[in-house]
Amino acid sequence: MNSGSKEVRMDAAAIKTFLRDIGIEREIVALKQVEALPTGLAAYNDKNNICYMFGEVMEEKKVFYTTLDDHVCLLGCAATGLDPHLQKMSDGVREESRKFHVSAVNIFPDEAIQEKAEREADILFPKFENSSRALIMGPFGSFAEPDVLIIVCGAEQVHLLTRAYCYARGTFVRGYAGMGACRMLLPFAFINREPTYTVSDRTWRKALKLAPDELTLVTPADKLEVMVEYLEVVK
């Protein structure tokens, strides 16, 4: 599409058309941080893990905003900026969440291993300095100017998109494996404004109904435009 001379702005419909051409059929989830509760938009008004909220967007094409009160997972709150330092959660809620991740869903064998993982995560992943009042989410194209996009696709599609980005920008794209897909993906896109990808974790794969060969690529919306612009050049 582009010979490398100029990047142009594209709307969501045009971008999705190009992505379908390389085999990406799943609904793309759009996210937007906001400082005030949106008007004219449905509130989530339930309790859930953020990855399951993403799954609802993908499967049911829901559009809504969610606040800290809707979340039951510490990682999702920290990874989206709803509670960067987890200061708004009581000690009891934090402890309940830690026990849930160890005992109920077996993310780690014990709390000592979980603490070790948290220390490593503090080094690897960027952290929000300020909190957002709410997070809007819905299918790509359902609201204006999303911050971040979640794309489920195969390894070949991740290869093409990241290759196009590296070709255009002369940079590298990081990928991660481990526990807590939201924290491995979202802060890089929100804070560093860079794409990243992951094989994800068990809960994420279940919530988004990933097939065995599917990965997750998360990117700022404007960086996806760069990828699509240079797709034809790198094929």
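FYI, it's all coordinate maths here, none of it is from the lab. Fair warning: this is a prediction, and the values are worked out from it, not measured in the lab. Virtual Cβ from ideal backbone geometry, glycine too; neighbours counted across all protein chains shown.
In whole Å, what is the distance between the alpha-carbon centres of region 17-86 and region 125-154?
Using only Cα atoms to place each centre, the spacing works out to 7 Å.
Using the Cβ atoms and a cut-off under 15 Å, what net charge is assigned to the surroundings of residue 174, where Lys and Arg are +1 and Asp and Glu are -1?
Numbers: positive: 163, 169, 183, 193, 223; negative: 120, 194.
Taking every other residue near residue 174 into account, the sum is +3.
Which of the aspartates and glutamates could be linked to residue 127 by a straight reach, that is with a Cα gap under 12 Å, when you skip same-chain ones fewer than 8 residues away?
Once the sequence-local aspartates and glutamates are set aside, what remains near residue 127 is 83.
Report, to two decimal places, the Cα Rg of the chain normalised by 2.2 N^0.38 Å (N = number of residues).
Expressed relative to 2.2 N^0.38 Å, the Cα Rg reads 1.00.
Cut-off is 10 Å between beta-carbons; in what order do 185, 19 appear when sorted fewest neighbours first? Numbers along the way, then the final one.
Values: 185 26, 19 23.
Fewest-to-most Cβ neighbours within 10 Å comes out as 19, 185.
Taking H placed 1.01 Å from N in the peptide plane, check which residues at least 5 places from residue 154 or on another chain put their amide H under 5 Å from its amide H.
Here 215 satisfy the definition.
With runs of 4+ DSSP H residues as the only contributors, calculate the mean residue ellipticity of the chain at 222 nm using -39,500 (n - 2.57) per run, divided by the residue total and rounded to the nearest 500.
Values: 10 runs with 95 residues, N = 235.
That comes out to -11500 deg cm²/dmol.
Tell me, what HN-Hα J-couplings in whole Hz come from the Karplus equation 6.51 cos²θ - 1.76 cosθ + 1.60 at θ = phi - 60° for each residue of region 48-60, using x for Gly and Pro?
6, 7, 5, 5, 6, 5, 4, x, 5, 5, 5, 7, 10
If you add up the charges near residue 59, with Lys and Arg at +1 and Asp and Glu at -1, over every other residue whose beta carbon is less than 9 angstrom from its beta carbon, what do you get? Working shown, then result.
Details: positive: 61, 62, 209; negative: 27, 56, 60.
Once all neighbours under 9 Å are counted, the net charge is 0.
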